[in-house]
Structure formats: structure tokens, C-alpha cells
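What follows is a set of notes on a single structure, which appears directly below.
The values are calculated or read from the model by the stated rules, or taken from the named source; none is laboratory data. Everything numeric here is computed off the predicted structure, so don't read it as measured data. Note: ideal-geometry Cβ built from the backbone for every residue, glycine included; neighbour counts use all protein chains shown. Please note that ligands, DNA and RNA were not included when accessible areas were found on the heavy atoms of the full protein model with its side chains. Shrake-Rupley method; radii C 1.70, N 1.55, O 1.52, S 1.80 Å.
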Amino acid sequence: MNTDASKTRLSVVIPCYNSQDWIGRAIQSALDAGCEDLILVVSDDGSTDGSAEAVRAFGDRVILHSGPNRGACHARNVGMEIAKAHGATHVLFLDADDYLEGDVLAGAAEVAGQTGADIILSHNHIQFDDGRRLERRVYSGQVTPEDFFEGWMTGKHFAPVSVLLRIGFVEKMGGWDESLSRAQDTDLFLRMMFERPVIMMNDRGAAIYNMVNPGSVSRNVSPKSTEARIRVISRLLEKMKGTSFEPLMPLMLQRLYGVTRAAFQMKQTELGRRGVKVMAAYGYRKHPGTRRHSVLSSLIGLEAKVRLWGN
């Protein structure tokens with residue numbers, strides 16, 4: 001475990017696709033986050049607007065890489081490779097519509113150098129499109145993989161903007177899964193837990209997850225995104241068997257139930273049936289929700305219930 005702060009060099013990788021309205025704020029927030037000798041990479045994923053020009057306005061403070069549109073996960077993986085080639089030991093993935101506040105990077109760098117942690121979490125606040133902000137402070141000190149996993153399943157999740165990662169650890173995990181169109185952070189961060197990472201909390205500054213961008217991938221409800229979510233959950237369920245995470249399987253199955261129900265509501269029937277099949281394989285027969293919903297679903301099945309009543 002490396003606890004030598006002099007060997008810690010941070011990078012911020014910003015995947016960017018048609019983000020000219022947001023990218024400048026994201027870049028400036030990283031430059032202002034208190035980290036000297038920061039490696040800042042913007043990985044442009046085939047933007048067709050003025051994103052590249054907005055990045056170039058920052059001059060040599062930012063490394064711009066442009067390539068064809070292959071998705072955010074590919075852009076993140078490529079950006080991390082570039083950052084590593086420039087000497088980075090740690091990486092934070094900052095989506096172009098999110099931003100950093102205060103000396104959050106300096107704080108995370110200090111924790112990384114002092115503890116040798118694989119994952120450093122920073123306080124993750126949520127900014128809504130009406131100007132409201134939800135300030136979330138959910139952990140302190142060291143966090144066990146089990147607590148992180150359970151917290152993620154019960155609403156204590158962290159956007160990539162709030163997670164500093166040791167690059168060697170990300171590489172060990174195989175990086176971001178480029179085949180996924182949704183649930184990308186759930187896939188990577190929860191897969192990491194099975195490797196027993198050292199997870200520490202940084203209490204300086206904040207990372208802001210912005211809910212304003214209407215084009216955000218996280219709002220995508222296409223069949224492709226539903227399939228990705230079912231696939232991620234199914235893979236995690238398989239990995240949980242026989243581990244210290246097995247007691248948390250009901251929480252994962254409850255999430256799968258929600259995805260399956262939504263699939264039927266959106267007329268994604270085959271995907272809904274796929275979800276039902278996975279739940280049946282794990283003996284999950286619970287129907288969360290109102291008593292009326294639970295009774296009807298138990299009697300006639302979730303698919304038929306949604307088809308007849310629409311919810």
C-alpha cells in the first residue's frame with residue numbers, strides 16, 4: 001500500500017459529448033479545486049457542437065483528445081489511459097455537466113497520500129434544475145465494502161464526480177464496461193467491492209451532481225438502457241452468491257423488480273419477462289408496493305397486472 005503523498009498525482013478525466021453549455025464550468029471547477037500539478041483530460045466523444053472550441057479556450061492547462069462517438073465509457077477509459085501516460089496515479093471521472101466545489105481535489109489527494117486507499121469518496125451534493133440543492137454527507141472515515149454496497153442499494157450512491165480512484169485498481173477491474181448504455185457507475189463501483197478495496201472519506205470540499213442537463217444518459221428509458229440495467233443486476237447477483245454480500249441480495253432483487261415493472265409499463269415485454277425469469281431463479285416472489293398491487297401481482301402475475309392496470 002502506497003502511503004507516500006509525493007507519489008500521488010491526481011488526474012481528472014471529463015468525458016464530453018455535445019456539452020458546450022456545461023464543459024467550461026466543469027473544467028474551471030477542476031482547475032480551482034486546490035490540486036497542484038493536476039492532469040486534466042477532456043475526452044471528446046465525437047461532439048458536433050462547440051464543445052472542442054470551449055475546451056481549447058483553456059489552452060495547455062487541458063489535454064483534449066477527440067475521437068468518434070463510442071459512448072461515455074469508452075471516453076472515460078481512453079481519458080484514463082492518457083492521464084496515466086502523463087504520470088497520473090489516481091483519476092476522478094467528472095461528467096461534463098457536473099462540477100467541483102472548494103478544495104475537494106486537494107482533500108482527496110491528501111487522503112490518498114496518507115492512507116493508500118483504492119477509493120476516496122467526497123461529499124456528493126445534488127443540484128436540481130429549480131435551483132434547489134440536496135447536501136448529502138453519508139459517511140466519515142473508513143467505509144467497509146459491505147457498508148458501501150448496502151448504502152448504494154438504499155440511496156447512498158455516489159456519482160463519478162465524487163469518487164477518486166487509484167488507476168491501478170481501475171485497471172485491475174477492467175475499467176468501464178463499454179457495452180453498457182446505463183447503470184455504468186453501478187456496474188463499476190459495485191463490482192469493485194468484491195475486490196475488498198480500501199475506501200476512505202474526504203471531508204474537504206464537495207462534488208456536485210447536476211440534475212439540470214435534459215440529455216443526461218441517466219434519464220434514458222430506451223430498451224437498450226433497460227437491457228443494460230437488467231444485465232448489470234443479473235451479473236452482480238451472480239457474484240454475490242456465497243460472499244459476505246449475499247445477505248444484501250433481497251435489496252438487489254427489489255431493484256430488479258422495479259426495473260422489470262418499468263419494462264412492462266413501457267411495453268418492453270421481452271425485457272420484462274427476462275427480469276421475471278431472473279427473479280424466479282433466485283426465488284424472489286415478493287411484490288413490493290401497495291397492498292392492492294401486491295395482491296393483484298401475486299394472483300395474476302406482474303406482466304398481466306401491469307397490462308390490465310398500467311402500473
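Some points to look at:
- Cβ-Cβ contacts under 7 Å between residues 6 or more apart (or on different chains), taken from a first residue in segment 65-84 that is free of Cβ contacts under 8 Å to residues at least 24 places away in the same chain to a second residue that is small (Gly, Ala, Ser) and open to solvent by less than 70 Å² (accessible area, probe 1.4 Å), are listed as Ser66/Ala52; Pro68/Gly46.
- Long-range neighbours under 6 Å by Cβ, at least six apart or interchain, first residue of a type in the set (Gly, Ala, Ser) within segment 11-36, second open to solvent by 50 Å² or more (accessible area, probe 1.4 Å): Gly34/Asp103
- Taking the criterion of being open to solvent by 10 Å² or more (accessible area, probe 1.4 Å) and in a helix (DSSP H, G or I), the residues of segment 234-245 that qualify are Ser234, Arg235, Glu238, Lys239.
- Wholly enclosed helices (runs of 4 or more DSSP H) of segment 246-311 bearing at least 2 residues closer than 29 Å to Phe148 by Cβ: 249-265, 269-281
- There is no residue in segment 138-149 that is touching a residue at least 24 places away in the same chain (Cβ under 8 Å), outside any loop (DSSP other than H, G, I, E, B), farther than 27 Å from Pro250 by Cα and of a type in the set (Val, Ile, Thr).
- Restricting Asp129, Asp147 to residues that are at pLDDT below 95 and open to solvent by 50 Å² or more (accessible area, probe 1.4 Å) narrows the list to Asp129.
- Matching residues, segment 246-257, being over 19 Å from the mean Cα position of the chain (by Cα) and either without any contact (Cβ under 8 Å) to a residue 60 or more places away in the chain or open to solvent by 60 Å² or more (accessible area, probe 1.4 Å) (or both): Glu246, Pro247, Met249, Pro250, Leu253, Gln254, Tyr257
- Against the test of being within 23 Å of Arg70 (Cα to Cα), of a type outside the set (Gly, Ala, Ser) and touching a residue at least 40 places away in the same chain (Cβ under 8 Å), the options Leu164, Leu180, Leu188 yield a single qualifying residue, Leu180.
- Residues of segment 63-78 classified as surrounded by fewer than 17 Cβ atoms within 10 Å (Cβ to Cβ) and either over 23 Å from Gln28 (Cα atoms) or among the charged types (D, E, K, R) (or both), total: 3
- Residues in segment 282-295 include at least one that is open to solvent by 40 Å² or more (accessible area, probe 1.4 Å), of a type outside the set (Gly, Ala, Ser) and touching a His at 6+ places or on another chain (Cβ under 9 Å).
- Those residues of segment 192-214 which are polar (S, T, N, Q) and either in contact with a Cys (Cβ under 7 Å, 6 or more places away or on another chain) or modelled with pLDDT under 95 (or both), in sequence order: Asn210, Asn213
- Members of segment 182-199 that are open to solvent by 30 Å² or more (accessible area, probe 1.4 Å), over 11 Å from the mean Cα position of the chain (by Cα) and not aromatic (Phe, Trp, Tyr): Arg191, Glu195, Arg196, Val198
- Considering the conditions (1) at negative phi; (2) under 16 Å from the mean Cα position of the chain (by Cα); (3) part of a loop (DSSP other than H, G, I, E, B), Gly174 is excluded by exactly one of them, (1).
- Every residue from segment 4-30 that is open to solvent by 30 Å² or more (accessible area, probe 1.4 Å) and either more than 20 Å from Ala159 (Cβ to Cβ) or among the polar types (S, T, N, Q) (or both): Asp4, Ala5, Ser6, Lys7, Arg9, Asn18, Gln20, Gln28
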